[in-house]
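This report refers to the structure that appears directly beneath it.
The values are calculated or read from the model by the stated rules, or taken from the named source; none is laboratory data. Note that the structure is a prediction, hence the values are computed from the model and not measured. Here Cβ is always computed from backbone atoms with ideal geometry, including for glycine, and neighbour counts include all displayed protein chains.
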Amino acid sequence: MLKKILIPLTTLMFLFACQQGGADPGEIIEEQKNDPKATKLQCNEVMYFAGEYDELEWIEIELVQGEDIKDMAEKLMRLEKAVEFQFPAEPLKVNEKIVVTNDTNAFRARYPVADYPVRLFGPFEGRLDNAGELVDIKISGKGDASCQFSPEPPWPTLAAGYGHSLIYIDGDESRPESYGASVAQGGYPGLEKQVVESIGVLVNEIMPSGTATNPGWVEIYNPTKNSIDISGWELTESINVSGFNLPANTIVEAEGFLVIEEADWADNFYPPPNGGEVVLKQIVNGDWTGVTTGLSYPALAENQTAGVIELSDGNLSRSILKTATKGKANSEVFAGPIRISEFHYNPPEAYAEYMELVNASEEDVVLTNPWRIKGIAFTFDAADNYVVPPQGKLLMFRLDQAGSEENFRNMYNIPEDIICIPYESRLSNRGELITLIMPITHAGGGIGLSWSDVVNYSDRGFWPGEADGYGKALKRVDLHASGEDSKNWVAADPAPAQK
């Protein structure tokens, strides 16, 4: 049966240009993205967690490139994902900053017009989750922006309940190293920004305490060209608890590693095997400066470590490692049995977003609670036991775009034996972190939640641009390599669950 397909005019023009000129699609897309006349929005600053009893939230947005927007409502400018807001029929000039808040009266009481002469909008619907979330700033055509945030290290700690805002610096908006905390409490809505500087070292790898065979250890790495004195700094499993103060003359040499053993910290510090945080707090003259570095990690199995991996594009990934590499460069990433092999995050209008999961192990895997997918806010129901055989596939699809499972199957000619499961959330067109979470027996003997796979995609940088609204899906090159690395993905015709 023939099916009518509605393809946006911009996509048709793009395909026609490729056919006529024989041009490479990726080159055309890159030219479009680098066009100084192209509309480009940016999320500059977010106050998502001012304090435990402080409910004021706000987001600063700027039109950093392109032409003035004459009517934001006509341009369908809006906020999605974490919060919802439709901008009114008002103009927005290039390089103009605006703020959207959950409470306009509370915002103006704290940030009076005389000191903060920024145009204010609101209230938005929903709340910015203190545990971390993503906000999409959408507009018709190209020019979308996004902002991801989290209180977990290595994200800036001062922005997580200490009264400071989170400020975008540069780079991929889904990466913690692209942000800093404001120097001043309250942040700088509508004003020039000042960001707290990084402390230079990284918590690079950890072996948790409480395992059956291995004493714990923490590895610190100094990527800079100068040695860094971390004497007196505090190693702890949470910002809000005391820990182990490093002794005098604790130096991390330039581009060097320093390993701190469990025997050194005794009972003052305990990174548990069922997941948590390792935080290194900068201490000066006995006081915490408010600056930290750290590593969040899931439940780890016996002999597993978690650590930092540098990706091909220079971004950093915090991952479970394939092998422990104490005191030296980290190993490749570990991946669990179920992995994301293909997904379509920005399909043409007549199609639906989807995610293809594959069982890369040699045994059946049963997907049931507490298996979940962070990024689309989906938890498998305990009443459902989806059995995925070795090399078998399962599809997740966005329900509001497909309408029904039958429609989704017809869209992509899905084989009858493939399980298709709807979800009600949506993937960001700008990119975000997707984590496939699974239960394991951790190194301490109990049950904990770990990572089966992690993907952190983007519509910028080295990620294939043809997947960003031009009809292509992202297809994984190597199931055993990192899902966060752009070189491990290619743009391909959508073929969910096809042989």
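Observations on the structure shown:
- Selection count, the stretch 244-295, where residues are in a strand (DSSP E or B), among the aromatic types (Phe, Trp, Tyr) and touching a residue at least 60 places away in the same chain (Cβ under 8 Å): 1
- Conditions (1) assigned to a loop (DSSP other than H, G, I, E, B); (2) under 23 Å from Ala473 (Cβ atoms); (3) under 22 Å from the mean Cα position of the chain (by Cα); number of the one not met by Ile434: (1)
- Test: residue in the stretch 171-184 that is free of Cβ contacts under 8 Å to residues at least 24 places away in the same chain and either within 30 Å of Asp71 (Cβ to Cβ) or in a strand (DSSP E or B) (or both): yes
- Matching option when the condition is surrounded by 22 or more Cβ atoms within 10 Å (Cβ to Cβ) and not hydrophobic (A, V, I, L, M, F, W, C), among Gly294, Gly336, Gly327, Gly314: Gly294
- With respect to the conditions (1) exposed (fewer than 13 other Cβ atoms within 10 Å of the Cβ); (2) farther than 21 Å from Tyr457 by Cβ, Asp400 falls short on a single one, namely (2).
- From the options Thr250, Thr305, residue that is buried (at least 19 other Cβ atoms within 10 Å of the Cβ), on the phi < 0 side of the Ramachandran plot and assigned by TED's automatic domain parsing to the domain that holds Pro223: Thr305
- Screening Ala106, Ala114 for residues that are surrounded by 15 or more Cβ atoms within 10 Å (Cβ to Cβ) and either modelled with pLDDT of 95 or more or not in a helix (DSSP H, G or I) (or both) leaves exactly one candidate, Ala106.
- Restricted to the stretch 441-464, and to residues there that are more than 22 Å from the chain's Cα centre (by Cα) and surrounded by 24 or more Cβ atoms within 10 Å (Cβ to Cβ), the residue that is nearest to Ser428 (Cα to Cα) is His442.
- Glu405 being surrounded by fewer than 21 Cβ atoms within 10 Å (Cβ to Cβ), at pLDDT 95 or above and either charged (D, E, K, R) or touching a His at 6+ places or on another chain (Cβ under 9 Å) (or both): yes
- Qualifying residue in the stretch 410-424 (condition: in contact (Cβ under 8 Å) with a residue 24 or more places away in the chain, buried (at least 19 other Cβ atoms within 10 Å of the Cβ) and assigned to a helix (DSSP H, G or I)): yes
- Where Gly141 falls short, out of the listed (1) under 20 Å from Glu52 (Cβ atoms); (2) outside any helix (DSSP H, G or I); (3) within 25 Å of the chain's Cα centre (by Cα): (1)
- When the stretch 207-243 is limited to residues that are of a type in the set (Phe, Trp, Tyr) and not in a loop (DSSP other than H, G, I, E, B), the one that is farthest from the chain's Cα centre (by Cα) turns out to be Trp217.
- Residue identified as buried (at least 16 other Cβ atoms within 10 Å of the Cβ) and assigned by TED's automatic domain parsing to the domain that holds Ser458 among Ala352, Ala382: Ala352
- Yes/no for Ile230 being closer than 24 Å to Ser450 by Cβ and buried (at least 17 other Cβ atoms within 10 Å of the Cβ): no
- Checking each residue in the stretch 347-362 for being under 24 Å from the mean Cα position of the chain (by Cα) and free of Cβ contacts under 8 Å to residues at least 60 places away in the same chain picks out Ala352, Asn359.
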